[in-house]
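Working notes for the structure below.
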């Protein structure tokens, strides 16, 4: 028993194997040869004999008990020689259940063992998302705005999507409606729950902008390596005096998404290099 996917790919899931399919799936499913039972998200589960089973997001609406029972049933039928194609966007599910994973990259159906396939898939998703958002202008939508009005932040230029491990830049443009002796422009990155991740400003970096006169527009570019874990962040920007009197402060001025090719816990992706040593086995102690 096998699940056969025809032209242009001509591949199959052999009996006794479980393959995963992540990402765009419609084109692949349309090429499956007749025979396998296609169970969709809300279908009743029918395990009567079939050449194979396609579980199309079947796990999605089930609680932990139902999911555990479903996994046991899949394993039972696999041991009897049934082939399975699991269609899902749940990476942990696919990694723990499947022998290999397929994903559609343009017109090419790529495959690999779960770890390599998911890493390649995530890398491609990060690339496509970043490319789709390149050149887009971040609209200023601060949760709070305050200051004495001597300057106004008129633009924040940065991609909406940052890629972990790559260089990124933030340009803050401020227009001064009144003279300022020694203005300071700065940024602060926070997590979505308000945890301060990183902040700096022109004063801390040894850059002096003033004095400026009314009508001056200043653009400050911050460049750094995005050493952040994939998740959502906000960017706060401000212009102020060295003593902290705000000209214009935009709390959570823009939203950011950091994407990466692998799962990392926390906020900072320190990209550790890991090595290990293993000593010789200890002698077995014998009782006398």
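Values in this text are rule-based calculations from the coordinates and carry no lab data. Treat the numbers as computed from the prediction; the structure is a model and nothing was measured.
Which log10 I(q)/I(0) values does the chain give at q = 0.09, 0.13, 0.14 Å⁻¹ under the Debye formula, counting every alpha carbon as one identical point scatterer?
Calculated log10 I(q)/I(0) at the listed q: -0.65, -0.92, -0.98.
Per residue Cα convex hull volume for segment 58-168, in cubic angstrom?
173
Tell me what the chain gives for mean residue ellipticity at 222 nm when only DSSP H runs of n ≥ 4 count, each as -39,500 (n - 2.57), the sum divided by the residue total, rounded to 500 deg cm²/dmol.
It lands at -5000 deg cm²/dmol.
Between 0 and 90 degrees, rounded to the nearest ten: what's the tilt of helix 64-79 against the longest Cα principal axis of the chain?
Computed tilt is about 40 degrees.
Output the antiparallel fraction of DSSP beta bridges having both residues in the chain, as a percent to the nearest 5.
Here the antiparallel bridges make up roughly 70 percent for the chain.
Length gain on complete extension for the stretch residue 61 to residue 48, per 0.36 nm per residue less the alpha carbon to alpha carbon distance?
Contour length minus Cα-Cα distance gives 2.5 nm.
On average over all directions, what projected area in square nanometres does segment 144-259 have, based on the convex hull of its Cα atoms?
Computed as one quarter of the Cα hull surface, the answer is 6.5 nm².
Based only on Cα atoms, what Rg/Rh ratio does segment 3-133 have, Rh being taken as Kirkwood's radius?
Radius of gyration relative to Kirkwood radius: 0.96.
Compute the long axis of helix 114-133 from its Cα atoms, compare it with the longest principal axis of the Cα atoms of the chain, and write down the angle in degrees, 0 to 90, nearest 10.
Around 40 degrees separate the two axes.
Share of antiparallel DSSP beta bridges in segment 3-133, in percent to the nearest 5?
DSSP beta bridges in segment 3-133 are roughly 35 percent antiparallel.
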